[in-house]
1. Which of the residues spanning the stretch 1-25 are buried (at least 20 other Cβ atoms within 10 Å of the Cβ) and either within 15 Å of Ala104 (Cβ to Cβ) or at pLDDT 95 or above (or both)?
2. What is the one condition in (1) hydrophobic (A, V, I, L, M, F, W, C); (2) surrounded by fewer than 13 Cβ atoms within 10 Å (Cβ to Cβ); (3) touching a strand residue (DSSP E or B) at 6+ places or on another chain (Cβ under 6 Å) that Phe132 does not satisfy?
3. Please work out which one of (1) in contact with a helix residue (DSSP H, G or I) (Cβ under 7 Å, 6 or more places away or on another chain); (2) part of a helix (DSSP H, G or I); (3) hydrophobic (A, V, I, L, M, F, W, C) is the condition Leu166 fails and give its number.
4. Condition first: modelled with pLDDT under 90, open to solvent by less than 60 Å² (accessible area, probe 1.4 Å) and touching a helix residue (DSSP H, G or I) at 6+ places or on another chain (Cβ under 8 Å). Now tell me which residues in the stretch 135-150 satisfy that.
5. Name every residue in the stretch 43-57 that is open to solvent by less than 70 Å² (accessible area, probe 1.4 Å) and touching a residue at least 12 places away in the same chain (Cβ under 8 Å), in order of residue number.
6. Condition test on Val86, is it more than 21 Å from Ala17 (Cα to Cα), β-branched (Val, Ile, Thr) and touching a Phe, Trp or Tyr at 6+ places or on another chain (Cβ under 8 Å)?
7. Look through Glu40, Glu32, Glu63 and report the one residue that is open to solvent by 70 Å² or more (accessible area, probe 1.4 Å) and under 15 Å from the mean Cα position of the chain (by Cα).
8. Could you list all residues from the stretch 139-167 that are within 22 Å of the chain's Cα centre (by Cα) and more than 17 Å from Ala125 (Cα to Cα)?
Amino acid sequence: CVSPWNFPLAIFLGQVAAALAAGNAVVAKPAEQTPLIAAEAVRLLHEAGFPSDSIQLLPGTGEVVGARLVADARVDGVVFTGSTEVAEIIHRALALRGNVPLVAETGGQNAMVVDSSALPEQVVADAVTSAFDSAGQRCSALRVLCLQDEIADRVLPMLAGAMAELAVGDPAELTTDVGPIIDEAARAGLEAH
């Protein structure tokens, strides 16, 4: 099970629980940014009674640890959540080994399509929440807003105003609306975009 950093507990445990429920032993490789929460989750699974040989944690980078896991003949299937690019790399590596199952959830471009029957205030509230909660780092974050021409002139200024009011900062502060992104690599990617 190879899990992402943007839902470090929910997706990690979801993958692991599904694999265990299906009767599999699991080697769990969390995102390199989230080994501590994964270690605590595995510790709690062991404390709850799961045998240590049923779930093992293997933190590290995808390029090193993930690649070795995918190439290992003892791995009978891979569950992956992350980028489409990495899923394609995993798929090619598994194809070299034959018919090894890959279950992958990858990124996309989530869109909101709004027609003139929508309440503009609700559109703005929903768009801002979807786009900027978790600093936009969720795979379900709004990326594209499609507005019917008849309401665009009303919604766009409201949306710009709502975005201008967002406070970016330390998430420990109650006044902060948008916290930090995960790491320097993510920041550089956003800046480049």
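The values are calculated or read from the model by the stated rules, or taken from the named source; none is laboratory data. Remember, predicted model here, so these are calculated numbers, not experimental data. Positions of Cβ are generated from backbone atoms using ideal geometry, with glycine treated the same way; all protein chains shown enter the neighbour counts. All accessible areas refer to the heavy atoms of the entire protein, side chains included, with ligands and DNA or RNA removed. Shrake-Rupley method; radii C 1.70, N 1.55, O 1.52, S 1.80 Å.
1. The initial filter retains those residues of the stretch 1-25 that are buried (at least 20 other Cβ atoms within 10 Å of the Cβ), namely 1-4, 6, 8, 11-13, 15-16, 19.
Within the stretch 1-25, Cys1, Val2, Ser3, Pro4, Ile11, Phe12, Leu13, Gln15, Val16, Ala19 meet the criteria.
2. Only one criterion in (1) hydrophobic (A, V, I, L, M, F, W, C); (2) surrounded by fewer than 13 Cβ atoms within 10 Å (Cβ to Cβ); (3) touching a strand residue (DSSP E or B) at 6+ places or on another chain (Cβ under 6 Å) is unmet by Phe132, namely (2).
3. With respect to (1) in contact with a helix residue (DSSP H, G or I) (Cβ under 7 Å, 6 or more places away or on another chain); (2) part of a helix (DSSP H, G or I); (3) hydrophobic (A, V, I, L, M, F, W, C), Leu166 is out only on (2).
4. Once the filter is applied, which keeps residues that are modelled with pLDDT under 90, open to solvent by less than 60 Å² (accessible area, probe 1.4 Å) and touching a helix residue (DSSP H, G or I) at 6+ places or on another chain (Cβ under 8 Å), the stretch 135-150 yields Gln137, Ala141.
5. Within the stretch 43-57, Leu45, Ser54, Ile55, Leu57 meet the criteria.
6. Details: more than 21 Å from Ala17 (Cα to Cα): yes; β-branched (Val, Ile, Thr): yes; touching a Phe, Trp or Tyr at 6+ places or on another chain (Cβ under 8 Å): yes.
Spelling it out, Val86 is indeed more than 21 Å from Ala17 (Cα to Cα), β-branched (Val, Ile, Thr) and touching a Phe, Trp or Tyr at 6+ places or on another chain (Cβ under 8 Å).
7. Values: Glu40 fails: under 15 Å from the mean Cα position of the chain (by Cα); Glu63 fails: under 15 Å from the mean Cα position of the chain (by Cα).
The unique qualifying residue is Glu32.
8. Of the residues in the stretch 139-167, the ones within 22 Å of the chain's Cα centre (by Cα) are 139-145.
Listed by number, the list holds a single entry, Cys139.
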